[in-house]
Amino acid sequence: QVQLVESGGGLVQAGDSLRLSCAASGRTFARYTVGWFRQAPGKEREFVAAIRSTGHTYYADSVKGRFHISKDNAKTTVFLQMNSLKPDDTAVYYCAADSGIILSSIRFHSNYDHWGQGTQVTVSS
């Protein structure tokens, strides 16, 4: 199957940038839809961004214009570039992957089969 490992989280000040990485192992990963989700204390896990095997990208309204999701040339790593970070962005960030998710379900975490362990992002005022 697929194993996912997130990295790149940390403690930053408001307005700073971070780049999260999701490294994948497993053949045919390039065909998977990969999404980023986040979960803050006391809140439900929410959709952040996703990239399809075609390269098409999708974003939550709260991060449009600030975050950018992309793949490396080998298509073994997915990145989440986070700019103009706000305290409201503080959460544990998870990457997730699925081989057959339909477009209408791409924003719902329950439809992804594979998950990383998460990486903490903390944005101070």
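Some points to look at:
- The set of residues in the stretch 79-109 being among the acidic types (D, E) and surrounded by 18 or more Cβ atoms within 10 Å (Cβ to Cβ) consists of D89, D98.
- Residue ID - modelled with the lowest pLDDT, chosen from residues in the stretch 110-125 that are outside any loop (DSSP other than H, G, I, E, B), touching a helix residue (DSSP H, G or I) at 6+ places or on another chain (Cβ under 8 Å) and open to solvent by 40 Å² or more (accessible area, probe 1.4 Å): N111
- Taken over the stretch 10-45, the criterion of being free of Cβ contacts under 8 Å to residues at least 24 places away in the same chain and among the acidic types (D, E) is satisfied by E44 alone.
- Condition met for P41 (closer than 14 Å to Q120 by Cα and at pLDDT below 95): yes
- Taken over the stretch 1-29, the criterion of being part of a loop (DSSP other than H, G, I, E, B), surrounded by 13 or more Cβ atoms within 10 Å (Cβ to Cβ) and either at pLDDT 95 or above or under 12 Å from the mean Cα position of the chain (by Cα) (or both) is satisfied by G8, G9, A14, D16.
- Top-ranked residue of the stretch 30-69 - restricted to ones that are farther than 18 Å from T90 by Cβ, hydroxyl-bearing (S, T, Y) and in a loop (DSSP other than H, G, I, E, B), ranked as most open to solvent (accessible area, probe 1.4 Å): T54
- Any hit, the stretch 106-121, residues being under 20 Å from Q1 (Cα atoms), in contact (Cβ under 8 Å) with a residue 12 or more places away in the chain and among the polar types (S, T, N, Q): yes
- Single unsatisfied condition, N73 versus (1) in contact (Cβ under 8 Å) with a residue 40 or more places away in the chain; (2) open to solvent by 80 Å² or more (accessible area, probe 1.4 Å); (3) among the polar types (S, T, N, Q); (4) more than 18 Å from V2 (Cα to Cα): (1)
The values are calculated or read from the model by the stated rules, or taken from the named source; none is laboratory data. Please read all numbers here as calculations on a predicted model, not as lab measurements. Note: ideal-geometry Cβ built from the backbone for every residue, glycine included; neighbour counts use all protein chains shown. Please note that ligands, DNA and RNA were not included when accessible areas were found on the heavy atoms of the full protein model with its side chains. Shrake-Rupley method; radii C 1.70, N 1.55, O 1.52, S 1.80 Å.
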